[in-house]
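Below: one structure, written as structure tokens.
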Amino acid sequence: MPRSNHSDIPVVILCGGQGTRLREETEYRPKPMVEIGPQPILWHIMKLYGVHGLDRFVLCLGYKGWEIKQYFLRYQEMHCDFTIALDGGAALAIHNDAGSLSWRVTCAETGAESATGSRLWRVRDYLQVPTFCLTYGDAVGDVDVGKLLAFHRAQGRIATVTGVHPTSRYGEMRVEGEKVLEFDEKPTLAEGVVSGGFFVFERRIFDYLDDDPDLFLEQKPLQRLARDGQLAVYLHEGFWHPMDTYRDYLHLNDLWKRGETPWKIW
């Protein structure tokens, strides 16, 4: 995929939730650090943006945020060969560029209990630009970020949300009398659109936010934007899947093992 230059557009990723519905994996780490394959889901999300030329990230930390800080502080050591002098006589020598990325990552503490709107408000000083992206740290998809940005600019509104078709939690059957003609374990529902994250905002979004720690982005701010005619929807018809539950974790990792990874566009 040709890489566009959107390096002036930061990407805010909400990483502070407790992930209570995935407690099997989040008791000792934040949900964005739960792996798909060998890497945390956060890395997969950042790679998606990176392939589209967005390499500046602002991570809104909360629950067990130190785990995310430590991951990036030790990123090169985890991915590269190196030599270390245990007597302290020489600096750490990195031998290859396996861990080299152009990413610039700001890790911002936004409160252990803060709601999503409050987290965004608390990183506003890191977003001194006209336009920025925002998404959640727990869902992957093959969203074309370049087309999303072009759509947002064409709409001329303060905010754009990516709409996706939800996946049913139940098996769906097509029947004829007493005979099942077709069975689909987890069909994508053709009717209905839900928020898949992958937002684009103009900085005027902060006119809809305040310092209330209980302010959820998905409630009053987005509701007001919609009423004001300032919220557009970019419909994504491709792959999208959250990691909300242990079942989702198993499903995404099964896809990875089988090499069926439509979100892996890098």
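The values are calculated or read from the model by the stated rules, or taken from the named source; none is laboratory data. Values in this document were obtained by computation on a predicted structure and should not be read as measured data. Neighbour counts are summed over all protein chains in view; Cβ atoms, including those assigned to glycine, are modelled from backbone coordinates with ideal geometry. SASA here: full protein model, heavy atoms, side chains in, ligands and nucleic acids out. Shrake-Rupley method; radii C 1.70, N 1.55, O 1.52, S 1.80 Å.
Look at the alpha carbon pairs under 8 Å that are at least 6 residues apart: their mean separation over the length of the chain gives a relative contact order of 24 percent.
Please report how far the C-alpha centroid of the range 1-67 lies from that of the range 131-156, rounded to the nearest whole angstrom. A separation of 15 Å, based on Cα centres. Take the Cβ atoms of residue 125 and residue 66, set R0 to 22 Å, and the FRET efficiency comes out at 0.55. Placing a pseudo-label 7 Å from each Cα along the Cα-to-Cβ vector at residue 193 and residue 245 gives an inter-label distance of 2.6 nm. Here the Kirkwood formula puts the hydrodynamic radius of the chain at 20.0 Å, using every distinct Cα pair. If you sort the three axes of the alpha carbon gyration tensor as a ≥ b ≥ c, you get a/c of 1.5 or more for the range 82-161 and a/b above b/c, which makes it prolate.
Sorting 7, 102 by accessible area puts them as 102, 7; the probe is 1.4 Å, largest comes first, and only protein heavy atoms count. For the chain, the number of Lys pairs separated by eight or more positions or lying on different chains, with C-alpha atoms closer than 29 Å, is 24. From its DSSP helices (H runs of at least four residues, each -39,500 (n - 2.57)), the chain gives a residue-normalised ellipticity at 222 nm of -7000 deg cm²/dmol. Rounded to the nearest 5, the antiparallel percentage of DSSP beta bridges internal to the chain is 50%.
Couplings 3J(HN,Hα) of the range 110-118, computed from phi: 10, x, 5, 10, 5, 7, 4, x, 5 Hz, in residue order, whole Hz [Karplus 6.51 cos²θ - 1.76 cosθ + 1.60, θ = phi - 60°; x for Gly and Pro]. The label point for residue 90 and the one for residue 204, both projected 7 Å from the Cα toward the Cβ, are 5.8 nm apart. Calculated accessible area for the chain comes out at 51 Å² per residue, all protein chains present (probe 1.4 Å; ligands, DNA, RNA ignored).
Extension gain, residue 20 to residue 155, is 44.9 nm, computed as 0.36 nm per intervening residue step minus the present C-alpha separation.
Available extension along the chain between residue 8 and residue 100 is 31.1 nm, counting 0.36 nm per residue and deducting the alpha carbon span. Comparing 83, 160, 110 in a Gaussian network model of the chain where C-alpha atoms under 10 Å apart are linked, the largest mean-square fluctuation is found at 83.
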